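The values are calculated or read from the model by the stated rules, or taken from the named source; none is laboratory data. The structure presented is a predicted model; accordingly, all values stated were derived computationally and were not measured. For neighbour counting, all protein chains shown are included, and Cβ atoms are generated from backbone atoms with ideal geometry for every residue, glycine included. Keep in mind that these areas ignore ligands, DNA and RNA; they rest on the heavy atoms of the full protein, side chains included. Shrake-Rupley method; radii C 1.70, N 1.55, O 1.52, S 1.80 Å.
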Amino acid sequence: MDESKPLKVRLTFFVILVGISLLFAAVVTDHWAVLSPKVENYNATCEAAHFGLWRLCTKRIFMHDQDPKEKACGPISLPGEHNCSYFKHFTPGQSSEIFEVTTQKEYSISAAAIAIFSVGFAIIGTICVLLSFRKKRDYLLKPASMFYTFAGLCIIISVEVMRQSVKRMIDSEETVWIEYSYSWSFACACASFVLLFICGIALLLIALPRFPRNPWETCMDAEPEH
């Protein structure tokens, strides 16, 4: 029996918890993408926006002492009046006309739904690992590793759906936005994919039985005949 196996499992699980934390941070925050409209007069206010899976937040920024070559509003970190609203397709009573006109509801709904699947897979995988610690049931590590791998795949699919949504929004002739950038929530989602996918595979390899190093190990481990 490999005596270092429990230590390997715990170290891998610790990294997985970091990935899950990044996953939750990405899902609940609103900084996946930042949008900027064209600015004609830099001694006036402009409205930039950032959004996530559930909400759109706009900020009215006063522009001054800006480089004449720059035509976008922002950066979003500048002080200004801040307002957030949930997307209409999640809460019909809320208003977010800016986002509704310039992108497709199907993209937003799909990205949010796939992200929820990712969270669900991560939670089920964590339950399996915890049960394997308490009950000494190592066989639960194998399904846990698959759940973590599925969680990583789901969140990267959600990232790609969001990326396509932003790209189509910018390319649309109806939109007021001319520039976009991906923010820290987007980076958290990408990092969680890397950690969950790689550590899920690593956990599966750790859970697999060790192959004999030499041909005679199997014979030596066999029970003697009576």
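Structural remarks
- Residues (touching a residue at least 40 places away in the same chain (Cβ under 8 Å) and of a type in the set (A, V, I, L, M, F, W, C)) located in region 105-115: 111, 112, 114, 115
- Just one residue in the set 100, 106 is open to solvent by 50 Å² or more (accessible area, probe 1.4 Å), at pLDDT below 85 and among the charged types (D, E, K, R); that residue is 106.
- Among the criteria (1) crowded, with 18+ Cβ neighbours inside 10 Å; (2) at pLDDT below 85, the one residue 26 does not fulfil is (2).
- Taking each residue of region 147-160 that is closer than 14 Å to residue 26 by Cα and open to solvent by 70 Å² or more (accessible area, probe 1.4 Å) and looking for partners that are hydrophobic (A, V, I, L, M, F, W, C) and at pLDDT below 95 with beta-carbon atoms closer than 8 Å, six or more apart or interchain, yields 157/114.
- Criterion (at pLDDT 65 or above and open to solvent by 80 Å² or more (accessible area, probe 1.4 Å)) met by exactly one of 43, 83: 83
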